[in-house]
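No value in this document is a laboratory result; all are computed from the given coordinates. Everything numeric here is computed off the predicted structure, so don't read it as measured data. So basically every Cβ, Gly included, is an ideal-geometry build from the backbone, and we count neighbours across all protein chains shown.
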Amino acid sequence: MDMDKKPVILGYDFVSPLGTEPEEQWRRAAAGESGIGALTRFPLRDRFPVRIAGQVPEIDAAPYPFLRPREMAHWTSPVFRHSLLVVMRALAGAGIAITPELAPRTAVTFSSAIGGLDALIDADRALTAAGKLPPPFMNPNSCINMVGGKVAIFTGATGPIASIITACATGSSSLILGAMFIAQGMADIALCGAVDFPLVEPIVAGFATMNGAYRPKEGEAPVPPGAASAPFSLGRRGFVVSEGAACIVIASRAFARAHGLAFETELAGWAMTADAYHAVMPNRAQVARCIADSLRHAGLAPAAIDAVNAHAASTKIGDQVEANALREVFGDRIPPVSANKSQLGHAMGATSAVESVLAIEGLRRGVLLPTINHRPDPEIPLDCMAEGARRLDQTVVLKNAFGFGGCNACLVFRRVT
C-alpha cells in the first residue's frame, strides 16, 4: 500500500459500562474492575432469564449543546446521543474541525449492528395496546444508516458515507471500510466506529433463548454480576449483554503531516473473511485465515505481534474456536491475550470499536489489560493475564472480531516509532 495513504489514528473516544469519560474507563479497566451489574433498563418479569447487564452510565449533557433536550427531542434512541458524543469528542481530541474545505474529503463509516430498534418496539407496543400511531420520527430512529447520517449532519462531513453491518464485528469493519475509502483516494479522513444499546427486552430475551447470554447453571446459584463474563475460562456460560459506543478518527499519513496533526499509531493491516458455515457457530479455518491475512496485509510475520486483543465472547464454542485459530497461526508462540469482554460484557456491534480503543491505548501506554474472572481451561492454553494488567512494551497488536452470520474482521495496529 502507498505509505501516504496508509491510515493513521488521529483521535478516539468511547463510552462503556466502565464510564463515560475515557480516562476514568481506562483507570478502571487497568485496575481490573468490572462494569457488569444489575439489569435495570426495563422492568424485569418474574421469570425473565437475564438479570445482569453492562449498562453505560447516564451522560451529563450540560457541557454539550448538541445533546440538550431541545436538540435531541425527536431522537429518543440512546444510539444517537452516544454516537454524537463520542464522534464530537474524538474530533476535538484529534484537533480537527470539519471545515467546508475538508468536508468533501471526510468519510463517515460509523455504524451499528442493531440501531434504534428500541424506538420501533416502543411504538409497536403502544400501537398494539392502545391503537396509538407511531411518532413521526419512529422510522428515522430505527433506520440503522441514520446513525451515520446524524454523524454526517452534525459534523458537516460530505464525503462517502456507508453503514457497514457485520454483527459483532461492525466496529472493526467500519475501520476497514474507512481505511479502504482512504486507500482508494476517495477520502482523506474517516469517522469510524460503532454504537449499540441492545438492552431492550425482546433482544435480551432472544439472546437468552439462543443460549448466548449468560445464565447460571441449572440448580446453581448465580455468580456475582462482575464474575459472570469469563472469556476463555473453564465453566464459561455465555456473554453478558452490554452497551457502548466508540469513534476512531483515521486519516492518510500524507493528510496528517500536511495539516500538522500528531499521531502515534497506524492501522497497519486488516482482513475480512466469511465463515460460510453456520448462522452463529464460527468456522475455525476462516477465522484463522482472517487472522493470517491481516498479518500478511500488514507485511508482518506472526512473531512480530506483541499482544492479541481477542474477540472472546465467553461462549463455550466461540472461545475454543478462536483459541484454536490463534494456535494455527502462531503455533506454540501465541502472544499474551486480553479479553476486554470480561470487564465490559458484549456490546454487540460496538464492542470491537470499544475494544480497539482499549487496544490502541494499551499500545500507547505499554499496558496489557487483564482478563478478569479467568479460570484456566486445559483445552485453551493461553496467557490471558489473569493476574491483572501487565506492563509490556508493545509495537504491534492484533485485534480480533467475529460476528453472527460468519462475519470475521481482524485489525493490526502498529505504534509509529
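Loop-located GluC sites (Glu not before Pro) in the stretch 320-417 (DSSP state not H, G, I, E or B) with no more than 13 neighbouring Cβ atoms inside 10 Å: Glu379, Glu387. Neighbour counting of Cβ atoms within 10 Å sorts the residues Val108, Val204, Val412, fewest neighbours leading, into Val204, Val412, Val108.
Sites listed here are GluC sites (Glu not before Pro) in the stretch 49-134 whose DSSP assignment is loop and whose Cβ has at most 11 other Cβ atoms within 10 Å: Glu58, Glu101. A full extension of the chain between Ala126 and Arg365 corresponds to an added length of 81.1 nm, given 0.36 nm per residue minus the alpha carbon distance. For the stretch 233-269, the residues whose backbone nitrogen is under 19 Å from a point 7 Å from the Cα of Thr417, taken along Cα to Cβ, are 263-269. Each of Val241, Val354, Val416, Val329 has some number of other Cβ atoms within 10 Å of its Cβ, and from fewest to most they run Val416, Val329, Val241, Val354. The ratio of the alpha-carbon radius of gyration of the stretch 268-415 to the globular-protein estimate 2.2 N^0.38 Å is 0.94. 3J(HN,Hα) couplings calculated from phi for the stretch 311-320 with the Karplus curve 6.51 cos²θ - 1.76 cosθ + 1.60 (θ = phi - 60°) are, in sequence order, 5, 6, 6, 6, 9, 4, 7, x, 5, 5 Hz; Gly and Pro show x.
Our coupling estimate for the stretch 183-194, obtained by passing each phi through the Karplus curve with A = 6.51, B = -1.76, C = 1.60 and θ = phi - 60°, is 4, 7, x, 8, 7, 9, 10, 9, 9, 10, x, 6 Hz, Gly and Pro reported as x.
Put simply, the amide H of Phe232, placed in the peptide plane, has neighbours under 5 Å in Ser314, leaving out anything fewer than 5 places away on its chain. Distant-in-sequence amide contacts of Asp13, defined by a placed amide H-H separation under 5 Å and a gap of 5 or more residues or a different chain, comprise Cys247. Ordering Met210, Ile250, Ser294 by the projection of their Cα atoms onto the charge dipole of the stretch 205-297, which places +1 on the Cβ of Lys and Arg and -1 on the Cβ of Asp and Glu, puts Ser294 at the extreme positive end.
Find out how many positive minus negative residues lie around Ala113, taking Lys and Arg as positive, Asp and Glu as negative, among other residues whose Cβ is under 13 Å from that of Ala113. Charge balance near Ala113 sits at -2. Put in order of Cβ neighbour count within 10 Å, fewest first, the listed residues Val86, Val200 become Val200, Val86.
Here's the list of aspartates and glutamates a cross-link from Lys6 could span, going by alpha-carbon distance under 20 Å and ignoring same-chain residues fewer than 8 apart: Asp188, Glu264, Glu266, Asp293, Glu361. Under the convention that each Lys and Arg Cβ holds +1 and each Asp and Glu Cβ holds -1, the size of the dipole of the chain around its Cα centre is about 100 debye. Couplings for the stretch 217-231, taken from phi via the Karplus curve 6.51 cos²θ - 1.76 cosθ + 1.60 with θ = phi - 60°, read 4, 4, x, 10, 5, x, 6, x, x, x, 9, 6, 8, 9, x Hz in order; Gly and Pro are left as x. Just to confirm my numbers, what's the Cα centroid distance between the stretch 8-69 and the stretch 109-169 in Å? Each part reduced to its Cα centre gives a spacing of 20 Å.
Close amide H contacts of Gln394 (hydrogens built in the peptide plane, cut-off under 5 Å, sequence separation of 5 or more or a different chain): Gly366. Computed from the Cβ-Cβ distance with R0 of 51 Å, the FRET efficiency linking Ala262 to Glu328 stands at 0.85. For Lys217, the lysines whose Cα comes closer than 23 Å to its Cα, not counting residues fewer than 8 places off in the same chain, are Lys316, Lys341.
In terms of its C-alpha gyration tensor, the chain has an oblate overall shape, because the principal axis ratio a/c (a ≥ b ≥ c, square roots of the eigenvalues) is not below 1.5 and a/b does not outweigh b/c. Taking only alpha carbon atoms, the stretch 4-126 gives an Rg to Rh ratio of 1.02, where Rh is the Kirkwood radius. Please work out the C-alpha center-to-center distance from the stretch 358-392 to the stretch 245-296 and express it in whole Å. The two parts, judged by their Cα centres, are 21 Å apart.
The mean sequence distance of close C-alpha pairs (under 8 Å, at least 6 residues apart), as a share of the length of the stretch 268-415, puts its relative contact order at 36 percent.
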